[in-house]
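Engineer: My structure is below; once you've seen it, I'll send some questions.
Taken together, the values in this text are just the output of simple stated rules run on the coordinates, not laboratory data. The structure displayed is predicted, hence computed values, not measured ones. Note: ideal-geometry Cβ built from the backbone for every residue, glycine included; neighbour counts use all protein chains shown.
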Amino acid sequence: MALVMHSYKGNKNSDKAFIAAEFTGAKIEMPSGFEMGVTNKTPEFIKMNPLGKIPVLETPEGPIFESNAIARYVSRLNGDNSLNGSSLIEYAHVEQWIDFSSFEIYGNIYKWLVPRMGFMPYSVPSEEAAISALKRGLDALNTHLTSNTYLVGHSVTLADIITVCNLNLGFSTVMTKSFTSAFPHVERYFWTLINQPNFKKVVGDVKQTESVPPIKKAGQPAKPKEQPKKKEAPAAEAPKPVEEEEAPKPKAKNPLDLLPPSPMVLDEWKRLYSNTKSNFREVAIKGFWDMYDPEGYSLWFCDYKYNDENMVSFVTLNKVGGFLQRMDLARKYAFGKMLICGSEGPFKVKGLWLFRGTEIPKFVMDEVYDMELYEWTKVDISDEAQKERVSQMIEDAEPFEGEALLDAKCFK
Ligand SMILES: N[C@@H](CCC(=O)N[C@@H](CS)C(=O)NCC(=O)O)C(=O)O
C-alpha cells in the first residue's frame, strides 16, 4: 500500500511531509475529492484522527496524525539522508528547533492570525501578547541564523523543513515586509530555502502578504473559497479554511469618494507640509488654515486612554507606530500627527487628525482597532485656543503643554 495523505494541496502542515518526501524519495498520494469540513468529519476519518483534523497519513502500518509526526516518519523512510542530523547531538538539535518553531513561531502566528479570521475571540491584549512573543521567537531565530545557513549542521534537516513551512504561514498571512525587516537573517533564510527546488516543487511561488488581514467579527469567520463541485474538484482546489485569503470581491466605492468636491486638496496640504523647511509657522501653518475646508474635512484631537501603561519609551513608540501602520488604509483620506509627550514614563500620547468628511470615517472606526483606545474630540475651529493647539501639534511645538516631546510621528 502506498502512502496516502488526507489533506488539500497548499496546506502548510502537510507541505512538511511532501517536502521531506522530495529529499527521501518517498511517494505520497493525495486522493482527489477531499472536502474540508466534510471528508475529515466522516466516521472513517475520525477512526484515523479522533479530532477530525488534517493532515493524516495512511501508511501500510496504520494512520498517523500530527503533521510533525508525519514529517518525521517520511524523513526516516529512507535511511540514506541527513534530515535528522548525523549524530546524537545533531538529532537532538533537530528536535529542539522543531519544537521551537512549532511553539514559539507557529503557535504565535496562529494566535495572531486565527482570531483575526473570526475563528477565535479577538482581543487587543491577546494579539499584542502573541505579536510580542512571536517577535521574541523571531529575534532568537535571527540571532542563530546570523552565523548559520541552516538550523543544524551544514545542510537541510527536518528542522529547516518544518520551520520554513511554519514561517510560510506567517509570511503569507500576517507578517508583512515592514514586520519581517527587523529580522533580516530570518528573511534571507526563508527566501533562500523556500526557493530551493525541493521546497519550490511543493509550495510553488510564495508571495509575502502586503497587509495584516482585517478583523472578522467572531461568529462570522472568513469564508473559505467557494467549494468546487465534487466531481470536477481535484483535491488541489479544496478550500483552505485558515490560511487562504477570501475570493476577491468587486471593489465597492468608498463613500468618501462620493462627497461633494472640496476646494481643499489633501495631497496639496501634504506636499506643503513636507516641503516647508523654514518659516514653518508663516508658510505651512498659514497655508493650512488658508486651505482648510470645514465642510469637506474635520479635525479631531485624540488622547490615549491608557497612558498609565506607557512606562517604557520604545514600547510606547511601537504602539503608536503600529497605529499609524494600521491607518494605512486611510492614507487617501487622512493626515495625522501623533505626539509622544514627556521625558520619562508614563508618556502621554496625544494626536491630531484631519479626516475627509465631517465625521471620523466609518471604515476607519470599523477596521482600525486602535481607534477605540483613544478618546476622540472634534476640534471647534471657532475656538482660537483649539486652533492654536492644532497649529502647535502640526508644527511639533516643544515643549508641548509643558512637556518635552519623546517623539512626534506624522501620518501623511
Ligand atoms: N497540530 C496539528 C494541527 C492540525 C490542524 O489544526 N488542522 C486544521 C487545518 S490546518 C484542521 O484540520 N482543522 C479542522 C478542525 O479543527 O476541525 C498538526 O500539526 O497536524
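Engineer: Treating the beta-carbon of each Lys and Arg as +1 and of each Asp and Glu as -1, no other charges, what is the dipole magnitude of the chain about its Cα centre, to the nearest 20 debye?
Structural biologist: On the way: 49 positive and 55 negative charges, 240 e Å.
Roughly 1160 debye for the chain.
Engineer: Also, I was wondering about something else. How far apart, in nanometres, would the label points at residue 328 and residue 396 be if each is projected 7 angstrom from Cα along the Cα-to-Cβ direction?
Structural biologist: Distance between the two pseudo-spin positions: 2.3 nm.
Engineer: A further question follows. Taking springs between alpha-carbon atoms closer than 10 angstrom, which of 170, 25, 351 fluctuates most in the Gaussian network model of the chain?
Structural biologist: Ranking 170, 25, 351 by mean-square fluctuation puts 25 first.
Engineer: Would you mind checking the tilt of helix 313-326 against the longest principal axis of the Cα atoms of the chain, expressed as 0 to 90 degrees and rounded to 10?
Structural biologist: Approximately 90 degrees, to the nearest ten.
Engineer: What distance in nm separates the two pseudo spin-label positions at residue 200 and residue 66, each 7 Å out from Cα along the beta-carbon direction?
Structural biologist: About 3.4 nm, to one decimal.
Engineer: Go ahead and run the numbers for FRET between residue 404 and residue 366, Cβ-Cβ distance against an R0 of 35 Å, rounding to 0.05.
Structural biologist: Plugging the Cβ-Cβ distance into 1/(1 + (r/R0)^6) gives 0.50.
Engineer: Moving on to the next point. Once fully extended, how much extra length lies between residue 378 and residue 188, figured as 0.36 nm per residue of separation less the alpha-carbon to alpha-carbon distance? Walk me through the intermediate numbers first.
Structural biologist: On the way: separation 190, 0.36 × 190 = 68.40 nm, distance 4.64 nm.
Fully extending the segment from residue 378 to residue 188 adds 63.8 nm.
Engineer: Output the peptides 302-312, 323-333 sorted from most to least packed, where packing is the average of other Cβ atoms within 10 Å over each peptide's residues. Kindly include the intermediate steps, with their values, before the conclusion.
Structural biologist: Working: 302-312: 15.3, 323-333: 17.2.
Averaged packing, sorted descending, gives the order 323-333, 302-312.
Engineer: Separate question: Against the empirical 2.2 N^0.38 Å scaling, what ratio does the C-alpha Rg of region 88-203 come to?
Structural biologist: 1.06
Engineer: Related question: Alpha carbon centre of region 1-62 versus region 80-104: separation in Å?
Structural biologist: Answer, in whole Å: 23.
Engineer: Which residue, 125, 171, 97, has the largest displacement toward the positive end of the dipole of region 88-203 when charges sit on each Cβ (Lys, Arg +1; Asp, Glu -1)?
Structural biologist: My answer, from the dipole projection, is 171.
Engineer: Rounded, prolate or oblate: which fits region 313-412 when a ≥ b ≥ c are the square roots of the eigenvalues of the alpha-carbon gyration tensor, with rounded for a/c under 1.5 and prolate only if a/b beats b/c?
Structural biologist: oblate
Engineer: Still on this structure, I have one more. Run the dipole for region 1-160 about the Cα centre, Lys and Arg Cβ at +1, Asp and Glu Cβ at -1, nothing else charged, and hand back the magnitude in debye, nearest 20. Don't skip to the answer; put the middle values down first.
Structural biologist: Details: 13 positive and 17 negative charges, 71 e Å.
Dipole of region 1-160, to the nearest 20 debye: 340 debye.
Engineer: Give me the number: length gained by fully extending residue 42 to residue 128, i.e. 0.36 nm times residue separation minus the C-alpha to C-alpha distance, one decimal in nm. The partial results should precede the final answer.
Structural biologist: Numbers: separation 86, 0.36 × 86 = 30.96 nm, distance 3.74 nm.
Full-extension gain reported as 27.2 nm.
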